[in-house]
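Working notes, beginning with the structure itself.
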Amino acid sequence: MNASASSSTVSPAAADAVFMGRALELAAGGVALTSPNPMVGAVLVRKGKIVGEGFHLYDGVRHAEIVALEEAGDAARGATLYINLEPCCHKGRTGPCTNALILADVKRVVVAMKDPNPAVAGRGFKHLRAAGIEVSTGLREAEARRLAESFAKWIVNRQPLVTLKSALTLDGQLVLPHTRGRARSRLKDNGVLSLSFAVINDALGTKIYRMMQEAFDGKGPICIYAGDGSVIYVQSKKGDLTVPAKLLADSEFEDRSAFYHGSTIPIDVSTDDWPFFYMPHRVYPVSYLPMLGLVVFLSLLLYQRFFSEKPRGSHVPFFFLGAGFMLVETKAITELGLTFGNTWRVIAIAIAGILTMSYLSNSFVQRLRFRNSFWPHLLVLASLLAGWWIAKTGGLPSTSLGRLGTAFLLTCPVFFSGIVFSSLLVKETNISSVMAVNLLGAMFGGILEYNSMYFGFHFLYLLAVGLYATSFVLTFVQRAPAVIPAPSE
C-alpha cells in the first residue's frame, strides 16, 4: 500500500494506468488458485494514495472488491476503485459486489474489461452508473484479457483452456516422459506447466520432482504442499518461476521444493516403456503370483469341459499362438494409445482395428484357401522384431505419416498371426479342443503381461517373439515327414 500518484506530478491518465497496473499485479496472485473463478485484483485510491487493495484468492470466498473495501474501511468513501474485471451484480456463492461498492459510497470505478460471464456482461456497469458512480472502461484491457483467458473460455464455452491433456488409469499408468517435453515446448514464453497429485508417500513425491526436473533440463519445479497429501508441481517454460513468500504465507501452503530436491530416496523415473506411475521403483510382482495361480487353476476347471478328447500334439502350437496374440494385442492397444491419445474413443478404435485385422486374416485364408503357415509365421516374427527395434530407438516421428506408419506396424503382427491361426485351424477336426487350448494360451499370455511391471512394455515384444517362434518350431517339427529306414538285405 505504499504506491501513490500525486496529481501535481502525474497526469490523471498516467495515474490511472499506474493504479490499474497494481490491480493487474494483484490479480496475478490468484494464478492456479481461483479456478473456476477469474483472477481479479482491486485497488482503492483516495487523494492519490492507495487506501485498500486485495485480490480474489479462492472460489467461494470474498471477491477482490470486498477485500479492498474491508481494508480501506471509512476511507473508501469518495475513493476510486481500479479493477481488472467488471464487478459482479448477481448473487452466487457471494453477494453482488456492485451493491457493496454503492453502499461504501465509492465515487468512481475504473475497469479494464467487461466480464465475459453472460450473467454479468455489462450489467455491473449499468448498476453502478444507475447509482451515480462514474465508470471508465478499457484501460490496459489487453493485459486484463490475457489474465482472464482461461476463465473466458470456460464461462462462455464450458471448455477448459488447456495445452496438455493426460489420463491416469486405475493401475497407475501415465504417459509422461515424451509428453512432458512436448508440453514444455508448447508453452508460451510466459507459460507455466502445473501438475497436481495426491502424493501418498515421499518416494512418489521425489519421483514426480525428478521427472519434472528432467523435463526442464535439470531445473527442479516448485513444489507446493496444499494439505491432505496434495502437492502442486509448477515450473515456467524458462525454468525460472518463483512464488512470493507472502502468497505462501497468506494461503498457509508449504513450499517443499528443498525437501524433494535433497531427497535421496531411490526411485525409477516412469517412461513410456515403464509407465507405472505410482510404483516408486521396478519390483517384480511376486505378490501377484498366488492370485495368478488361482486364475490358472480356475481356467483349467472351466476349459476342461471343452476337451471332448485328450489334446493332441498338433494342438500345442495353438496354446502359444493364444499367448502370443494376447501380448501382441496388449502392446498394440498401448502403443496406439501413446500415439493417438489415451481416450476411450482411441482405445475403442484400436480394439475395433484389431478385430478387423483378425477378421480380414481369417477371410484371407478362407477365400484364397491359403493353407501354408510357414511364411505368415516368419512375417509375424519379422514385424514383431521391427516393432521392437523401432520402439527401442524412440519410435517413428510424431507426424501424420509417422502415426500411420505406427498404426500399420502395430497391426501387422495381428494380421499375420491371424493367418497363422486360421491356416492351422482348418486342418484340425476337433475344433472345441483346439479353441480350449488356444484360450488357455491367452490366459497364460495375460499372466505374462505382468512382466511389463518390471521389464517394461517393450519386453512384451520379445516375449511374443519367443512364443511365436515356439509355435513355428512345434508346427513344422510335428508336420515333418517321418523318415522310413530302408529294408536291410
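The values are calculated or read from the model by the stated rules, or taken from the named source; none is laboratory data. The model shown is predicted, which means the values in this text are computed figures rather than measured ones. Quick reminder, even Gly has a Cβ in these numbers, built from the backbone with ideal geometry, and neighbours come from all protein chains shown. SASA here: full protein model, heavy atoms, side chains in, ligands and nucleic acids out. Shrake-Rupley method; radii C 1.70, N 1.55, O 1.52, S 1.80 Å.
Would you mind telling me the antiparallel percentage of the DSSP bridges in the chain, rounded to 5? Don't jump to the answer; show the numbers that get you there.
Details: 25 of 34 bridges.
Of all bridge pairs located within the chain, approximately 75 percent are antiparallel.
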> Of His56, His281, His261, which has the most accessible area with a 1.4 Å probe, and how do the rest follow in descending order?
Replying inline: His261, His281, His56
> What is the Cα radius of gyration of the stretch 213-337 over 2.2 N^0.38 Å, N being its residue count?
Replying inline: 1.80
>> Can you tell me the length gained on complete extension of the stretch Arg93 to Ala226, counting 0.36 nm per residue apart and subtracting the Cα distance?
In response: 45.6 nm
> For the chain, what % of the accessible area comes from carbon and sulfur atoms, probe 1.4 Å?
Replying inline: 61
> Reachable lysines from Lys49, Cα under 28 Å, same-chain residues fewer than 8 places away excluded?
Replying inline: Lys107, Lys114, Lys126, Lys246
> Given the C-alpha centroids of the stretch 21-39 and the stretch 436-481, what is the distance between them in whole angstrom?
Replying inline: 57
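Pick out, in residue order, every one of the GluC sites (Glu not before Pro) in the stretch 235-328 that is DSSP loop and has at most 16 other C-beta atoms within 10 Å; say none if there are none.
Details: sites: Glu252, Glu254, Glu309; in loops: Glu252, Glu309.
Sparse-neighbourhood loop GluC sites (Glu not before Pro): Glu252, Glu309.
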>> I need the Debye-formula profile for the stretch 356-489: one equal scatterer per C-alpha, no solvent, reported as log10 I(q)/I(0) at q = 0.09, 0.15, 0.22 1/Å, two decimals.
In response: -0.34, -0.85, -1.45
>> Using a 1.4 Å probe on the protein heavy atoms only, what accessible surface does Ile50 show? Give it in Å² to the nearest 10.
In response: 10
> Where in the chain are the DSSP H helices whose C-alpha atoms run 24 Å or more along the long axis and whose mean Kyte hydropathy is at least 0.5?
Replying inline: 316-340, 344-368, 374-392, 400-425, 431-448, 458-478
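How large is the charge dipole for the chain, taken about the Cα centre, if only the Cβ atoms of Lys, Arg (+1) and Asp, Glu (-1) carry charge, to the nearest 20 debye? Let's see the in-between values first.
On the way: 45 positive and 35 negative charges, 244 e Å.
Using Cβ point charges on Lys, Arg, Asp and Glu, the chain gives about 1180 debye.
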>> Per residue, how big is the convex hull of the stretch 4-99 when only Cα atoms are used? Give it in Å³.
In response: 85
>> Under 17 Å between alpha carbons, and skipping anything fewer than 8 positions from Lys207 in its own chain: which lysines qualify?
In response: Lys219
> Can you tell me the accessible area per residue over the chain, all protein chains present, probe 1.4 angstrom, in square angstrom?
Replying inline: 52
> Among Ser35, Ser257, what's the order by accessible area (1.4 angstrom probe), most exposed first?
Replying inline: Ser35, Ser257
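How would Met291, Met453 rank on accessible area, largest to smallest, probe 1.4 Å?
Values: Met291 95, Met453 25 Å².
Largest accessible area first, the list is Met291, Met453.
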>> Given N residues in the chain, what is its alpha carbon radius of gyration divided by 2.2 N^0.38 Å?
In response: 1.42
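Summing +1 for each Lys or Arg and -1 for each Asp or Glu, what net charge is found among the other residues whose Cβ lies under 14 Å from the Cβ of Phe319? Please list the in-between numbers first.
Numbers: positive: Arg312; negative: Glu428.
Result for the neighbourhood of Phe319: 0.
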